[in-house]
Amino acid sequence: MNRFVALVASLLLVTAGCGSESADRNGPTKKVTLTVFAAASLKGAFTELGKQFEAEHEGVTVTFNFAGSSDLVAQIQQGAPADVFASADTKNMDVAITANLLEGSARNFATNTLEIATPADNPAEVNSLDDLAKSGVKVVLCAEQVPCGSAAAKVEEASGIDIKPVSEEQSVTDVLGKVISGEADAGLVYVTDVKAAGDKVNGIEFPESGDVVNTYPIAAIKGNVGDGLAEAFISFITGSEGQAVLAAAGFGKP
Amino acid sequence: MLPLVAMASRVDWNSFFSLISSDSSRTALWLSLRTSAVSTVLCVLLGVPMALVLARMTFHGQTLVRSLVLLPLVLPPVVGGIALLYTFGRKGLLGETVDVLGLQVAFSTTAVVIAQTFVALPFMVVSLEGTLRTAGERYEVVAATLGARPTTILRRITLPMVLPGLAAGAVLSFARALGEFGATITFAGSLEGVTRTLPLEIYLQREVDPDAAVALSLVLVVVAVLVIGLVRGTRSTAL
């Protein structure tokens, strides 16, 4: 008898499920997932923007894959299901363009510049870019192969200052980590990283940073969810709401 | 096997040698071999007493001690790196003590050796402890009743008897040190010729030149296979 009740109950549940699904198909609350592959440095701003976008678009779930831009391009090339790709530099977006991965063209939506980060107590008394070249100051930079490293190299070139780092890290978060832990006296990271780290690091602006501006492009990927959803997300990011959140995180205008 | 085959199929054989013979690749390989050799020596020096204590003595909390010795085997390497950072780092527990001794651990080759020894030591201890237990204590007991001193027993009986296990442990430690990545990048940093070992170089090359990364990975696989083959070699001659 119990088994019979359970069977009827489950049948009822299944039919109820079918009913609501058919309602979804006709109604405005169709459930779709938008998958956004975004550069790791966008994590804070995009997570918040994703929530806002979900609130404005009923039935839409935005999922993110945050990683280094070159990793993301490689993953998309290998067939990872991405609807939108936001790169931390134009170089990796160019790779995606060359590989014919985009639907439509890429649009620039933000910029980022470098800043000196020191531990909160600034033990080596670093106050300017010149101080990074002083002997005894342990400076950590990104390796030239990664975007923050090539930006650092351009800063060195533009300013004529030769920094001898004690380590060339793989990512900007690694640089920040070594500064926060006090292992390094200073590092070159993005303005947005200093802002995100709060009191844990001390940020020092320098005039030469204006010479090296990193531009962030965003684009829809071929074979995306459709219904103009990828384009809607891109418009949202480049629109006033998106720009406000990005500006609050420290990003500059494109 | 399949991932290895997949990787080998991606190797650009035409430019293989030019890819693996760049200055930075050779510097990284040489640094890896040097640091792994030093780490192996340290593993023998630290691991032999540990294995002897674990295999030949019974004491309170032995299980706990053994678990602690084996911990690096199961820890994610990054966790190991963080632990080392807060031990030997500039602001770490022993940082100032080490600084007073005139040793600069942060961002130095010393840090690479420490990271490698940390992850490789359990291989030495496990391998040797197993051999010690299998070999048993009969000969040692007989030698003791015949009046041999403990140091003589250790030198003349115990160590020669477990030499194959010791060699296997050393080779395994070397192989593990050679492949060490996570703890090194977390704790030692990455600078060409100082702390950028071959696994770190592969990780970096992947950003700009995936072909070079694949080629270097294959080099690391070949070295690892040779090393493991060496273990089997020592085992079979011992039998």
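In terms of its alpha-carbon gyration tensor, chain A comes out prolate; a/c meets the 1.5 threshold, and the first ratio a/b outweighs b/c. Between helix B:210-238 and chain B there is an angle of about 20 degrees, using the helix long axis and the longest principal axis of the Cα atoms.
How many Å³ per residue does the convex hull of the Cα positions in region A:114-211 occupy?
79
Assuming 0.36 nm per residue, please report the length gained on full extension of the stretch B:SER21 to B:LEU226 beyond their Cα-Cα distance.
So the extension gain works out to 71.8 nm.
Over chain A, dividing the summed -39,500 (n - 2.57) contributions of all DSSP H runs of at least 4 residues by the number of residues returns a 222 nm mean residue ellipticity of -12500 deg cm²/dmol. Projected area of region B:123-239, taken from the Cα convex hull and averaged over every viewing direction, in nm²? Computed as one quarter of the Cα hull surface, the answer is 9.5 nm². Checking the cross-link filter: which lysines have an alpha carbon closer than 19 Å to that of A:LYS51, excluding same-chain neighbours under 8 positions apart? Excluding near neighbours in sequence, the set is A:LYS30, A:LYS31, A:LYS43. Which angle between 0 and 90 degrees, to the nearest 10, do you get for helix B:198-208 versus the longest principal axis of chain B when only C-alpha atoms count? The helix B:198-208 is inclined about 20 degrees to chain B. The calculated pair-distance distribution of chain B uses every alpha carbon pair, bins of 5 angstrom beginning at 0, and gives 1, 7, 12, 15, 16, 15, 12, 10, 7, 4, 2, 1, 0, 0 percent. Projected label points at B:VAL79 and A:THR63, each 7 Å from Cα along the beta carbon direction, are separated by 2.6 nanometres. Split the accessible area of the protein assembly as shown by element, probe 1.4 Å, and carbon with sulfur accounts for 62%.
Placing +1 on the Cβ of every Lys and Arg and -1 on the Cβ of every Asp and Glu, with nothing else charged, gives the protein assembly as shown a dipole about its Cα centre of roughly 2740 debye. Which of A:VAL95, A:VAL191, A:VAL84 moves most in a GNM of chain A, Cα contacts under 10 Å? For chain A, modelled as a Gaussian network with Cα springs under 10 Å, the answer is A:VAL95. Please check: in the Gaussian network model of chain B (C-alpha springs, under 10 Å), which one of B:MET161, B:MET50, B:MET124 has the largest mean-square fluctuation. Result: B:MET161 has the largest fluctuation of those listed.
For region B:45-103, applying the loop criterion from DSSP together with a ceiling of 13 other beta carbons within 10 Å to the chymotrypsin sites (Phe, Trp or Tyr not before Pro) yields B:PHE59. Rounded to the nearest 20, the Cβ-based charge dipole of region A:114-211 about its Cα centre (Lys and Arg +1, Asp and Glu -1) stands at 200 debye. Between the listed residues B:ILE153, B:LEU230, B:VAL41, the Cα displaced farthest toward the positive end of the dipole of the protein assembly as shown, a dipole computed from Cβ unit charges relative to the Cα centre, is found at B:ILE153.
So which lysines pass the test for A:LYS222, namely a Cα distance under 20 Å, with those fewer than 8 places away in the same chain ruled out? Within reach: A:LYS91. Per residue, region A:114-211 exposes 40 Å² of accessible surface when a 1.4 Å probe is rolled over the protein heavy atoms with every protein chain present. Counting only DSSP beta bridges whose two residues both lie in region A:114-211, roughly 60 percent are antiparallel.
Here is the interface size for A with B: some 2000 Å² of accessible area buried, both sides summed, with a 1.4 Å probe.
The C-alpha atoms of chain B define a longest principal axis, and helix B:23-56 lies at about 20 degrees to it.
Packing, taken as the mean count of other beta carbons within 10 Å per residue, orders the peptides A:44-57, B:175-188 from highest to lowest as B:175-188, A:44-57. Given axes a ≥ b ≥ c from the Cα gyration tensor, I'd like to know whether region B:5-138 is rounded (a/c under 1.5), prolate (a/b larger than b/c) or oblate. Oblate. Its residues counted as N, region B:172-217 yields a C-alpha radius of gyration over 2.2 N^0.38 Å of 1.14.
Dipole size of chain B about its Cα centre, with +1 on Lys/Arg Cβ and -1 on Asp/Glu Cβ: approximately 900 debye, rounded to the nearest 20. Considering only chain A, what is the antiparallel percent among its DSSP beta bridges, to the nearest 5? Antiparallel bridges make up about 55 percent of those DSSP assigns within chain A. The residues of region A:141-160 listed by number as losing at least 20 Å² of accessible area in the complex, against the isolated chain and with a 1.4 Å probe, are A:GLN145, A:VAL146. For B:LYS91, the lysines whose Cα falls under 20 Å of its own Cα, not counting residues fewer than eight places away in the same chain, are A:LYS138, A:LYS178, A:LYS200.
From its DSSP helices (H runs of at least four residues, each -39,500 (n - 2.57)), chain B gives a residue-normalised ellipticity at 222 nm of -24000 deg cm²/dmol. By the Kirkwood approach, averaging reciprocal distances over each pair of separate Cα atoms, the protein assembly as shown gets a hydrodynamic radius of 26.3 Å. Each Cα pair under 8 Å and six or more residues apart adds its sequence gap; the mean of these over the residue count of region A:114-211 is a relative contact order of 47 percent. Amide H contacts for A:ALA110 (H built 1.01 Å from N in the peptide plane; partners 5 or more residues away or on another chain; cut-off under 5 Å): A:TYR216. Per residue, the average separation of C-alpha pairs within less than 8 Å and at least 6 apart gives region B:101-203 a relative contact order of 47 percent. Entry note, chain B: relative contact order of 33 percent, from Cα contacts under 8 Å with a spacing of 6+ residues. Among beta bridges identified by DSSP and lying wholly in the protein assembly as shown, the antiparallel ones come to about 55 percent.
The values are calculated or read from the model by the stated rules, or taken from the named source; none is laboratory data. Here the structure is a predicted model, which is why all the values come from computation and not from measurement. Here Cβ is always computed from backbone atoms with ideal geometry, including for glycine, and neighbour counts include all displayed protein chains. Heavy atoms of the whole protein, side chains included, go into the accessibility calculation; ligands, DNA and RNA do not. Shrake-Rupley method; radii C 1.70, N 1.55, O 1.52, S 1.80 Å.
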